[in-house]
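Participant: First, the structure itself, so that you have it in front of you.
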Amino acid sequence: MIAMTALSPTPDAAVPPPLTDLPAGLEEACATTPRDMAATLAFALARVAGQDRRGVGLALTRAWLNEHGRPYGPGLARFGRAEGVLLVVCRTQAEALWAMEQGLRSGGLSLMLGGIEGADLTQTRRLDFAARDGASAGMLLRTRTGDLSAARRRWRIAAEASGSDADDVRAPGPMRLMAELTRSRGERPGVWMLEMEDETHRLRLADRLAGHGHGPVGRTARAA
């Protein structure tokens, strides 16, 4: 998405994949390091279709919360979810998979996020089917790559230094992140520097200088 206009979920070659609305189905986003998980969560939330007023669900294990912390409620609310955010705390990954599948299939959520590392090909295929049945988007939040998966897109996300503030050079500007599309069924992989629009909490190309974003695949732009 860009800051001022809603984009169609239909793929468009002129629109970089990280700026399109999340379609019904399953995607994965991998935080490059543990400190990048907050940016990974923001990347998912910012891509929910603006006209979709359904709530967002999170199925997170206790181990995930111990590693990354509990999401900050007021921060989540700034993404404009009229129906709020549902947090399901699970003891095991099996419970989180079940909760995520039920949330996707219910049709009551625009996006269901799962902090699940060990989902295999069969389990991710079930999540993708459930998401399409419920006309919802699913996103697995992971810290490793390489597992077999039915996810339609796979991302690697890295937090970047914020941009500059136009009114105060001493103040931090928009939050920035690097999004690398490592696998997709319908788009060419690439790397894009993105920033958050403060008023709308939507993503846009940082400084509008990212072009088509095609870059080295298999490593983040931080290391490029």
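Readers should treat all values here as calculations from the given coordinates under stated rules, not as data from a laboratory. Everything quoted here is computed from the prediction, not taken from an experiment.
Participant: Using only the Cα atoms of region 58-163, build the gyration tensor, take square roots of its eigenvalues as a ≥ b ≥ c, and label the shape rounded, prolate or oblate: rounded if a/c is under 1.5, else prolate if a/b is larger than b/c, else oblate. All intermediate terms of the calculation are to be shown ahead of the outcome.
Facilitator: Details: a/c = 1.36, a/b = 1.14, b/c = 1.20.
Rounded.
Participant: Could you check how many percent of all C-alpha pairs in region 23-208 are farther apart than 23 Å? Kindly include the intermediate steps, with their values, before the conclusion.
Facilitator: Details: 6675 of 17205 pairs.
In whole percent, the long-distance tail amounts to 39.
Participant: Please report the antiparallel percentage of DSSP beta bridges with both residues in region 23-208, rounded to the nearest 5. Please list the in-between numbers first.
Facilitator: Numbers: 18 of 45 bridges.
In region 23-208, approximately 40 percent of DSSP beta bridges are antiparallel ones.
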